[in-house]
């Protein structure tokens, strides 16, 4: 499959970011994460942009996680620590954009896709969309403390436990009721719903929006614990390597707890 691409288009006061790897449900490659970082750095200082939208190409998925085949090169737990730090850096760049951000979610927001959507300020979803981090079933890895804190703040600890410990994929209608989603709409109505939301956001005081976003972010991350030991244990386990091998071979993993 291709390395994929992340596109940026700016029209007036609205920037649109598209994750473009539809043949893999927009699963993120290292190159795509790097491009997303570059885009966020560019937008950090663009005062003409008042709102940013994020969307997956193809209509089937927002982002279906990180491309798991890339983990075949991991050898030790330290590889996992380095990876999670890189993901944290990317999500922090997205989360600290000064202008409001809107995720337009269709089909699936899984793993890294859920992290990207959760780092946005607002989320619109189409009917039938599902959200989750089924790594207890698929890969046997874990999340950083930063990503975990962001999920717990947005979704609540009970739902995050279901996502992580039961590997559940939660439906859009449940997350609308929790406040995680701003709205659910038919696929044909998604662009119009996003246009209306972006128009409203762009009409409001940008400095107030920027400082409010940053204050909320600081509240969320002010007391994050050190968790490298947990990440190192998980990525250094036999189960993680078994999960990667099983996924690539398209078979069920045989977990051993080691």
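The values are calculated or read from the model by the stated rules, or taken from the named source; none is laboratory data. This structure is a prediction, so every number in the text was calculated from the model and none was measured. Methodologically, a virtual Cβ is constructed for each residue, glycine included, from the backbone with ideal geometry; neighbour enumeration extends over all protein chains shown.
Within the range 234-249, the set of residues being assigned to a loop (DSSP other than H, G, I, E, B) and either more than 24 Å from the chain's Cα centre (by Cα) or at pLDDT below 95 (or both) comprises 237 only. Please indicate, with yes or no, whether at least one residue in the range 161-173 is surrounded by 13 or more Cβ atoms within 10 Å (Cβ to Cβ) and more than 21 Å from the chain's Cα centre (by Cα). Scanning the range 161-173, I find no residue that is surrounded by 13 or more Cβ atoms within 10 Å (Cβ to Cβ) and more than 21 Å from the chain's Cα centre (by Cα), so the answer is no.
The residues on offer are 5, 61, and the sole one that is touching a residue at least 40 places away in the same chain (Cβ under 8 Å) and either in contact with a strand residue (DSSP E or B) (Cβ under 9 Å, 6 or more places away or on another chain) or surrounded by fewer than 17 Cβ atoms within 10 Å (Cβ to Cβ) (or both) is 61.
For the range 101-151, residues that are within 19 Å of residue 236 (Cα to Cα) and part of a helix (DSSP H, G or I) total 5. Counting the residues of the range 218-233 that are touching a helix residue (DSSP H, G or I) at 6+ places or on another chain (Cβ under 6 Å) and part of a helix (DSSP H, G or I) gives 4. The single condition among (1) surrounded by fewer than 12 Cβ atoms within 10 Å (Cβ to Cβ); (2) at pLDDT below 95; (3) within 21 Å of residue 93 (Cα to Cα) that residue 216 does not satisfy is (1). Is it the case, given these coordinates, that residue 69 is surrounded by fewer than 20 Cβ atoms within 10 Å (Cβ to Cβ), without any contact (Cβ under 8 Å) to a residue 40 or more places away in the chain and over 27 Å from residue 189 (Cβ atoms)? When the stated conditions are applied, residue 69 does not pass them. In the set (1) within 20 Å of residue 117 (Cα to Cα); (2) surrounded by fewer than 19 Cβ atoms within 10 Å (Cβ to Cβ); (3) in contact (Cβ under 8 Å) with a residue 12 or more places away in the chain, residue 34 fails one condition alone, (3).
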